[in-house]
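A.B. asks: Before we start, here is the structure in question, set down as structure tokens.
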Amino acid sequence: MDRIRLRARKLRHNPTEAEKLLWRQLRFWQIGGYKFRRQQPLGKYIVDFICFEKRLVIELDGGQHAEQQMKYDSERDAWLIAQGFSVLRFWNDEVLKNIDGVEEVILSKLKSTPLPQSFPARGKEADGTKDRFGLDRH
């Protein structure tokens, strides 16, 4: 197993309290009937939550988001957007104190996002060099 997948597995096994709470709301198609995955490798990144059907990424940020982390997040968000994803960001504190409001924002985004016109063949990007998660498969 490659390094990024091992890291994602470790993150799934050690979630923050905010991640646990939001995952309880997202799992089992509970928000609008949409399927989410958590701690999903995507390219060289790991996203907190993702709905592939609507190409929506949800990121939770804690108090450790200093200027250096914000720059990294900005670069990652730009890459995700270039890949056709939308990104929603919430503070951990917001999730813990206002989960209903967070759910409303997520559902609103899911409902307002049209389905992509077409999907690449299962497991392959259009050029055939990367899988659908942006990982080389040579």
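The values are calculated or read from the model by the stated rules, or taken from the named source; none is laboratory data. Worth saying up front: this structure is predicted, and the values here are computed from it rather than measured. Don't worry about glycine lacking a Cβ; one is built from the backbone with ideal geometry, like all the others, and counts go over all protein chains shown.
A.B. asks: Considering ILE46, ILE58, which residue is crowded, with 17+ Cβ neighbours inside 10 Å, at pLDDT below 95 and not acidic (Asp, Glu)? Before the answer, list the steps.
C.D. replies: Numbers: ILE58 fails: at pLDDT below 95.
Sole residue among the options that is crowded, with 17+ Cβ neighbours inside 10 Å, at pLDDT below 95 and not acidic (Asp, Glu): ILE46.
A.B. asks: So how many residues does the stretch 7-66 have that are part of a loop (DSSP other than H, G, I, E, B) and either in contact (Cβ under 8 Å) with a residue 12 or more places away in the chain or not aliphatic (A, V, I, L, M) (or both)? Write out each step before concluding.
C.D. replies: Initial filter on the stretch 7-66 (part of a loop (DSSP other than H, G, I, E, B)): 14-16, 30-36, 43-44, 52-55, 62-66.
Okay, now just the ones that are also either in contact (Cβ under 8 Å) with a residue 12 or more places away in the chain or not aliphatic (A, V, I, L, M) (or both), so 14-16, 30-36, 43-44, 52-55, 62-65.
Selection size over the stretch 7-66: 20.
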